[in-house]
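Take a look at the structure below.
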Amino acid sequence: MADGDLLPGARVALVHDWLTGMRGGEKVLEVIAELFPGADLFTLLHVRGSVSPVIERRRVRTSFIQRLPGIYSKYRWALPLFPRAIESFNFSGYDLVLSSSHCVAKAARAGKHALSVCYCHTPMRYIWSSFDEYFGRQPPPLRWMIGRVAARLRRWDRESASRVHVWFANSSAVRRRILDCYGVPGGAVEVIHPPVDLALFRIGTVGEPPAGLASRSYDLVVSALVPYKRVDLAVAAARRAGRRLVVVGKGPEEARLRRLATQVPGRGEVRFLGEVTAAQLPALYAHCRAFVFPGLEDFGITPLEATACGRPVVAFRAGGALDTVLEGLNGIFFAEQSVETLAAALGDARLDGVWDADAMGAHAARFGRERFRREFAARLGEAWARRERGGAHA
């Protein structure tokens, strides 16, 4: 089926690792899906109702992973099966296979004459950059077994990277990872920053702060509660610094984080709100004192959402934050992922000062949805034109 005017007549398949919640990768997928309203969508696993209506309205094709018992809550433990699952899809009828990948989606096998384009959120973090965060607390025998599996997956991941003809990275940090992990030539990877919904997140957002909390009385984390996000660091640092921290999100780390919030010495208070609606988020950002971003992130849309609402960010000085946080304009950095260093940053007097809301809004505007739509369409159009001239795989 033709997909609008972007690539007239092209048969397009969209591929995303899994659909289990509306996080940063899914926000990118949503805009890409709008560019291709007739495209089929392939994913390993789909939890119905977990993503936006734009995505839910799609014809979604899932893999055999969908049928595994108890898979909705334990899908990451099926990681060794993911390569076979992504390779089980048949893309022979498509002209363009467009993957949104942070795990195995980039390994989709396009047909012989098709173009394979990957928008890469990161090479598979479970086996490359964040193995210890995910598996370091396992008993030694199990960790050894997981390490053997991870080594095999790394070989497959590197080899399957050759299936991609055009790479787009979501940040400068991810571009470097693609070059390092996959050996892709530097000129073959372009950075296109993800989109921020500036219609939803903006200066002057109205709405009340969370029940029982005054405006500017709390710091905020909005995150999936998974190990590499380092929400544990924010929880412990808030306790140590005597700050009130509000945590928005859910995930497998929640029970451990709740225990940590009662065990770490300190006067700080931690409140867990779980998942909130998209309509509730702007007010949470707008009324916080500061937004806390403690992990080594691929990019990170949430700091820009906070910036768009006029609130400063406290970010680890590494990864995607280096593309989005400018010291003194929309936030401050801390240099080491330690409780002491982050606690000191939370006590920085600048966070209680006056921030230039207009300058912050202008900075966030550089990352808006329409900018992403134009930039992505232009770069993809160039790649498609090269394919039409016979140079797609050069």
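The values are calculated or read from the model by the stated rules, or taken from the named source; none is laboratory data. As the structure is a computational prediction, the values presented were derived from the model and not from experiment. When we count neighbours, we look across all protein chains shown, and the Cβ atoms used for this are built from the backbone with ideal geometry, even at glycine.
Among the listed residues 279, 261, 283, identify the single one that is among the aliphatic types (A, V, I, L, M), assigned by TED's automatic domain parsing to the domain that holds residue 337 and in contact with a Ser or Thr (Cβ under 8 Å, 6 or more places away or on another chain).
283
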Number of the exception - residue 223 against (1) of a type in the set (Ser, Thr, Tyr); (2) assigned by TED's automatic domain parsing to the domain that holds residue 341; (3) more than 30 Å from residue 358 (Cα to Cα): (3)
In region 274-307, the residues that are closer than 20 Å to residue 226 by Cα, in contact with a Gly (Cβ under 9 Å, 6 or more places away or on another chain) and assigned to a strand (DSSP E or B): 274, 291, 293
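Is region 246-253 home to any residue that is more than 22 Å from residue 73 (Cβ to Cβ), touching an Asp or Glu at 6+ places or on another chain (Cβ under 8 Å), assigned to a strand (DSSP E or B) and in contact (Cβ under 8 Å) with a residue 24 or more places away in the chain?
Keep residues of region 246-253 that are more than 22 Å from residue 73 (Cβ to Cβ), which gives 246.
Subset that is touching an Asp or Glu at 6+ places or on another chain (Cβ under 8 Å): 246.
Now drop any that are not assigned to a strand (DSSP E or B), which leaves 246.
Next, only the ones that are in contact (Cβ under 8 Å) with a residue 24 or more places away in the chain stay: 246.
Yes, that holds for at least one residue.
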Residue pairs meeting the criteria (Cβ under 8 Å; at least 6 apart or on separate chains; first in the same structural domain as residue 75 (by TED's automatic domain parsing) and among the basic types (Lys, Arg), in region 134-163; second in a helix (DSSP H, G or I) and at pLDDT below 75): 143/135
Hey, residue 310 more than 21 Å from residue 224 (Cβ to Cβ), touching a residue at least 40 places away in the same chain (Cβ under 8 Å), crowded, with 16+ Cβ neighbours inside 10 Å and out of contact with any Lys or Arg (no Cβ under 8 Å at 6 or more places or on another chain) or not: yes
Residue that is surrounded by the fewest Cβ atoms within 10 Å (Cβ to Cβ), among those in region 212-243 that are more than 14 Å from residue 270 (Cα to Cα) and over 18 Å from the mean Cα position of the chain (by Cα): 214
